[in-house]
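Scroll down for the structure; my scribbles are underneath it.
The values are calculated or read from the model by the stated rules, or taken from the named source; none is laboratory data. Small disclaimer: the values here were computed from a predicted structure and weren't measured. Heads up, the Cβs are rebuilt from the backbone with ideal geometry, glycines too, and the neighbour counts pull from every protein chain shown. We work out accessible area using only protein heavy atoms, side chains counted, and drop any ligands, DNA or RNA first. Shrake-Rupley method; radii C 1.70, N 1.55, O 1.52, S 1.80 Å.
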Amino acid sequence: MGRAGEVVGDRHTTRWWDRLRLPVGVAVGIATAAVEITFLAVAAVAFSVCAFAPAAGRRVADLTNGYGRRLVRMEHRRLAGLLAATDLPAPNAVTTRRQVGYLAARLLPGTLGLLAYAVLGVGLVLAGIVLRAAVRGELTLLDALSQIAVGAVLLLLNVQAVVSIAALDIRLARRLLGPGSRAELTRRVHELTTSRAGVIAAVDAERQRIERDLHDGLQQRLVALGMLLGRARRARDADRTHALLAQAHEDVQRAIEELRQVAWRVYPSALDGSDLGEVLAIVARGSDVPVRIRCELPVRPERQLETVLYFVACEALTNAAKHAAATLVTIDIGVRDGWIRMCVHDDGGGGAEPTGRGLSGLARRVAALDGRLRVTSPAGGPTTVLTELPCG
């Protein structure tokens with residue numbers, strides 16, 4: 001009973017704290033703004049003095065950078081802890097100039113917060129005066145009701161002002177603490193360079209796989225077929241010749257099927273006339289493992305997206321059949337939050353290696369289209385391959 005009381009008490013405390021976090025965060029922001037304006041004033045004076053003493057410029061710049069970084073980290077903790085801000089840029093990756101710019105811009109929400117709380121304080125004083133006058137009978141009922149209505153409207157406006165100030169505070173942090181346009185361009189160029197190198201590596205790996213498939217599979221089968229036809233030509237018995245030709249015909253059919261599979265690995269031509277769900281259904285019919293497919297795409301994606309999803313699904317299906325001893329594979333394709341998501345799940349023994357040649361090559365292909373590929377395959381299974389690609 002005592003334990004239940006403690007749990008209920010903790011819930012009430014958490015609920016009240018959730019309601020107070022925002023106004024407390026804005027109030028703390030007023031105090032930090034006072035510290036920051038002092039810092040900016042001292043820094044401005046110090047740099048002005050450095051104009052007459054250049055030797056001290058380096059020392060002043062280091063001190064400004066150090067204290068500015070501390071203030072930025074303090075604001076980062078306040079926004080994340082009190083205002084529940086998410087996706088904030090890392091404070092340690094900000095240049096000194098952007099730090100100073102952010103601390104200067106922070107004076108605006110700090111000043112607005114001070115004005116909002118000052119108005120709230122004045123309103124509380126006036127509410128006390130009205131309450132005392134009502135108790136003494138100095139106000140009529142109509143006057144008291146009108147004063148209460150006006151006070152309630154002003155209180156709601158004040159609360160909305162505090163919420164808007166908190167939103168402005170978070171927006172400034174995300175805008176000014178994030179990487180600049182030049183840094184963002186540099187990062188993007190690096191990503192594209194890495195993706196290009198990854199695509200080249202993936203294409204080379206795919207070429208090597210095609211060469212192995214042709215050499216170890218189709219080429220050996222054609223050599224055996226040639227030997228079989230040679231035996232049929234030398235045979236003197238008509239029945240023997242007929243049996244050898246029938247066997248050769250079967251080998252030709254199997255060779256054609258293997259050649260078709262190799263060609264599909266190079267370029268899935270079936271996507272020219274059918275969508276991804278229909279093509280995967282064709283692949284599933286030839287699989288040794290039962291496959292369930294759910295493809296719910298409101299709009300057919302671009303061809304390069306379909307091709308990458310096709311290759312990922314085929315690779316995951318091949319791994320499940322050959323290495324995982326799976327008894328069922330499910331392929332679920334849909335759209336969520338602007339991303340095309342394909343989840344391939346099997347109930348096999350797991351242990352798939354994301355750094356292996358096949359999956360790592362697919363990961364590079366997905367990354368080249370600004371997508372993500374995650375493989376979860378603990379020992380003992382199951383295995384899940386999740387692919388996410390931007391819709392366009």
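A few remarks follow.
- Take the conditions (1) part of a helix (DSSP H, G or I); (2) within 22 Å of V159 (Cα to Cα); (3) under 30 Å from the mean Cα position of the chain (by Cα); (4) at pLDDT below 90; A85 misses just one of them, which is (1).
- Of all residues making up region 97-127, the number that are open to solvent by 50 Å² or more (accessible area, probe 1.4 Å) and more than 20 Å from D169 (Cα to Cα): 5
- Restricting attention to region 44-80 and to residues that are small (G, A, S) and touching a helix residue (DSSP H, G or I) at 6+ places or on another chain (Cβ under 8 Å), the residue that is least open to solvent (accessible area, probe 1.4 Å) turns out to be G68.
- Flag set for E206, criterion: in a helix (DSSP H, G or I), among the charged types (D, E, K, R) and at pLDDT below 65.
- Tally, over region 128-154, of residues that are open to solvent by less than 70 Å² (accessible area, probe 1.4 Å), at pLDDT 85 or above and hydrophobic (A, V, I, L, M, F, W, C): 2
Yes/no per residue for (1) of a type in the set (S, T, N, Q); (2) open to solvent by less than 60 Å² (accessible area, probe 1.4 Å); (3) modelled with pLDDT of 85 or more; (4) within 29 Å of P109 (Cα to Cα):
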{"site": "L156", "(1), (2), (3), (4)": "no, no, yes, yes"}
{"site": "V162", "(1), (2), (3), (4)": "no, yes, yes, yes"}
{"site": "L168", "(1), (2), (3), (4)": "no, yes, yes, yes"}
{"site": "R182", "(1), (2), (3), (4)": "no, no, no, yes"}
{"site": "L185", "(1), (2), (3), (4)": "no, no, no, no"}
{"site": "V189", "(1), (2), (3), (4)": "no, no, no, no"}
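- Every condition in (1) open to solvent by less than 60 Å² (accessible area, probe 1.4 Å); (2) closer than 17 Å to L168 by Cβ is met by A41 except one, and the failing one is (2).
- Whichever residue in region 225-257 is within 54 Å of the chain's Cα centre (by Cα) and surrounded by 13 or more Cβ atoms within 10 Å (Cβ to Cβ) and, among such residues, is nearest to S287 (Cα to Cα): R254
- Within region 297-321, considering residues that are in contact with an Asp or Glu (Cβ under 6 Å, 6 or more places away or on another chain) and open to solvent by 20 Å² or more (accessible area, probe 1.4 Å), the one modelled with the lowest pLDDT: A321
- Selection count, region 339-392, where residues are under 20 Å from V299 (Cα atoms) and open to solvent by 40 Å² or more (accessible area, probe 1.4 Å): 7
- Criterion applied to R294, R285, R265, R260 was being at pLDDT below 80 and open to solvent by 90 Å² or more (accessible area, probe 1.4 Å), and the one residue passing it is R260.
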